[in-house]
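The values are calculated or read from the model by the stated rules, or taken from the named source; none is laboratory data. Since the model is a prediction, treat every value here as computed from it, not as a measurement. Please note: Cβ atoms are built from the backbone with ideal geometry, for glycine as well, and neighbour counts cover all protein chains shown. Each accessible area value is taken on the protein alone, full model and side chains, heavy atoms only, with ligands, DNA and RNA left out. Shrake-Rupley method; radii C 1.70, N 1.55, O 1.52, S 1.80 Å.
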Amino acid sequence: MDKWFMAVVVGPDRPGIVAKVTSALFNGGCNLGEASMTRLGGNFTMMLMVQHDGREKGLRDLLAPVVASLALHLHIDSIKAELHHHIEPDVRITLFGEDRSGIVAHATATLAEAGLHILSLESDVAGSKNRPIYVLHIEGAALEGVPSLESALSIIASEGIETQLTPVDTVMG
Amino acid sequence: MALLEILQYPDKRLKQSCDEVVLFDEALRTFLADLEETMRAGPGGVGIAAPQVGRLEQIALVDVSAKKKIKHHGRIVLINPEIIEWQGSVVGREGCLSLPDFTGNVIRAETITLEAQDEFGERQRYKMEGYEARAVQHELDHLKGMLFLDRLVSRRSDLFKRKVYK
Ligand SMILES: [Zn+2]
């Protein structure tokens, strides 16, 4: 009864995809868990936890008509689901600057070394075609403390990238 | 003293507006002591409001003094509270004793001035900022039947700070 799958759906974006995909799952007797959907460079992208009592093949068949009609790509993995065990972020980090190759790899490697466990990451290419600006927004857990991340960020800043770290101090009330 | 049961969303009582307190008696102070014990029993609780334990009256408690390096007023009793001045706005993270395993980002005023009565009915005025001001705004929402879920903003929104706080 506790079989979970991760469904990854990608394709050309248009209005109504989430509704069509989730309706197909609902009508097929599935439950939904946590999900994340973002439009990336004009593409629809979604990752969706699906509880389904049958096999992977059955889940794929449920989605087949929607996938075909909307020209989507579907990828399904069996997963171990950990609901009700969120890790709380304790820092929010924003990096931005002129877009250049390797910016994400370099920044995240420096932060990982300083003990950052990334819990969510979003990035955008903003600005204009001639002057693209890269914006990276991260929430994470500072496994080696905030000062360690601050010194990592000062290295990144010295290379011409704007950095901002805000401690996440959750009010519980 | 006694530990009170904390109501969990979607209990309907959490979405109701609370009545004004008119009687400042010994029974009220006993309730406050229980409320405080309940707040301190929860992990990391820095505030609690009476409707969270099923009492639909305008009573809340806040104590953020356990946090390091912030300005605060210690333990404050907020009865019939009213915010009379807001300034600035800032995104911060909140969680609720009435909603386990979920936290989210909420925009709050950075500085507030509020008036409230204490456990003896005396009118007090506080000016506060930052973490303490956020905790107070969270609790005062409870008295109006509002949860932080009603005010959630997306993770990205702190990139585009809003100027007006409503
Ligand atoms: Zn609350």
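Here is how the numbers come out for the structure above:
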read-out: Flag for A:VAL135 being at the interface with another protein chain (Cβ under 10 Å from one of its Cβ atoms), under 30 Å from B:GLN137 (Cα atoms) and surrounded by 15 or more Cβ atoms within 10 Å (Cβ to Cβ); value: no
read-out: Verdict on B:PRO81 being in a strand (DSSP E or B) and either within 12 Å of the ligand (Cβ to nearest atom) or open to solvent by less than 10 Å² (accessible area, probe 1.4 Å) (or both); value: no
read-out: Residues that are charged (D, E, K, R) and either more than 9 Å from chain A (Cβ to nearest Cβ) or on the phi > 0 side of the Ramachandran plot (or both), drawn from region B:133-159; value: B:ASP141, B:LYS144, B:ASP150, B:ARG151
read-out: Subset of region A:109-139 (residues that are touching a residue at least 24 places away in the same chain (Cβ under 8 Å) and β-branched (Val, Ile, Thr)); value: A:THR110, A:VAL125, A:ILE133, A:VAL135, A:ILE138
read-out: Some residue of region A:112-128 being open to solvent by less than 10 Å² (accessible area, probe 1.4 Å), under 20 Å from the mean Cα position of the chain (by Cα), away from chain B (no Cβ under 14 Å) and over 30 Å from B:LEU78 (Cβ atoms); value: yes
read-out: Single condition A:PHE26 does not satisfy, out of (1) within 26 Å of A:VAL125 (Cα to Cα); (2) not in a strand (DSSP E or B); value: (1)
read-out: Among the residues listed as B:ARG93, B:ARG13, B:ARG40, B:ARG75, the single one being open to solvent by 80 Å² or more (accessible area, probe 1.4 Å) and free of Cβ contacts under 8 Å to residues at least 24 places away in the same chain; value: B:ARG40
read-out: Given (1) open to solvent by 40 Å² or more (accessible area, probe 1.4 Å); (2) more than 9 Å from chain A (Cβ to nearest Cβ); (3) within 12 Å of the ligand (Cβ to nearest atom), index of the condition B:PHE102 fails; value: (2)
read-out: Close pairs from region A:144-173: first within 14 Å of A:LEU116 (Cβ to Cβ), partner crowded, with 17+ Cβ neighbours inside 10 Å and among the aromatic types (Phe, Trp, Tyr), Cβ under 9 Å, at least 6 apart; value: A:THR163/A:PHE96
read-out: Selection from region B:129-166 of residues that are open to solvent by less than 20 Å² (accessible area, probe 1.4 Å), closer than 12 Å to B:GLY92 by Cβ and modelled with pLDDT of 60 or more; value: B:GLU132, B:ALA133, B:ARG134, B:ALA135, B:GLN137, B:HIS138, B:PHE148
read-out: Selected residue (only one of A:ALA141, A:ALA157, A:ALA152, A:ALA105 is at negative phi, surrounded by fewer than 19 Cβ atoms within 10 Å (Cβ to Cβ) and out of contact with any strand residue (DSSP E or B) (no Cβ under 7 Å at 6 or more places or on another chain)); value: A:ALA105
read-out: Residue match in region B:25-34 (condition: open to solvent by 50 Å² or more (accessible area, probe 1.4 Å) and within 16 Å of the chain's Cα centre (by Cα)); value: no
read-out: Residue within region A:78-95 that is free of Cβ contacts under 8 Å to residues at least 60 places away in the same chain, in a strand (DSSP E or B) and closer than 30 Å to A:VAL146 by Cβ present; value: no
read-out: Total residues in region B:41-78, condition away from chain A (no Cβ under 14 Å), part of a strand (DSSP E or B) and more than 11 Å from the chain's Cα centre (by Cα); value: 1
